[in-house]
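Colleague: My structure is below; once you've seen it, I'll send some questions.
Please treat every number below as a calculation from the coordinates, not as lab data. The structure presented is a predicted model; accordingly, all values stated were derived computationally and were not measured. Every residue, glycine as well, gets a Cβ built from its backbone with ideal geometry; the counts of neighbours run over all protein chains shown.
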Amino acid sequence: MNQKLEEKHQKFRALLQSAIDEGLNVLGESVKQTIYYYVEKNSGLRREDISLHPKAFADALESIFGSVGATIIEDKILQILHEKIGLKYRRDENLTFSENVESAMKTYIKTHGVTI
């Protein structure tokens with residue numbers, strides 16, 4: 001991977017982590033910290049690594065909140081992420097959370113001058 005592409009990936013991952021923090025903050029700071037604790041304890045996924053493993057994070061959310069609850073939280077995170085990268089978010093029920101993240105990353109990288 002070339003350096004410029006790697007930099008864009010890192011920037012996107014930072015934006016994703018920020019969106020996850022903000023999305024979980026809707027539930028309150030103590031709930032957010034509890035979710036991070038649960039995810040790490042049960043998935044081995046540290047907070048700073050969540051942006052590298054969105055599927056594992058989505059699976060953990062579903063185990064905590066069930067399918068409907070996880071979807072609501074995932075949608076909030078995706079809305080925030082899309083705002084951060086300057087895109088309009090439209091829910092696509094055919095895509096999983098991790099597929100939506102992957103799609104957003106590809107669009108972000110393309111719109112910021114790096115071809116994939």
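Colleague: Run LYS88 past the list (1) within 22 Å of HIS112 (Cα to Cα); (2) in contact (Cβ under 8 Å) with a residue 24 or more places away in the chain; (3) surrounded by fewer than 15 Cβ atoms within 10 Å (Cβ to Cβ) and report the number of the one that doesn't hold.
Modeller: Failed condition: (2).
Colleague: Out of the residues in the stretch 44-77 meeting the condition of being of a type in the set (Gly, Ala, Ser) and under 14 Å from ILE20 (Cβ atoms), tell me which one is surrounded by the fewest Cβ atoms within 10 Å (Cβ to Cβ). Lay out the reasoning, then the answer.
Modeller: To start, the set of residues in the stretch 44-77 that are of a type in the set (Gly, Ala, Ser) comprises 44, 51, 56, 58, 60, 63, 66-67, 69-70.
Applying the additional criterion that residues be under 14 Å from ILE20 (Cβ atoms) yields 51, 56, 58, 60, 70.
Values: SER51: 21, ALA56: 16, ALA58: 22, ALA60: 22, ALA70: 19.
Across the stretch 44-77, the extreme among qualifying residues is ALA56.
Colleague: Limited to the stretch 97-116, what total is found for residues that are under 13 Å from the mean Cα position of the chain (by Cα), surrounded by fewer than 16 Cβ atoms within 10 Å (Cβ to Cβ) and not acidic (Asp, Glu)?
Modeller: 1
Colleague: Checking the structure you have, find out if any residue of the stretch 22-34 is buried (at least 18 other Cβ atoms within 10 Å of the Cβ) and free of Cβ contacts under 8 Å to residues at least 40 places away in the same chain.
Modeller: yes
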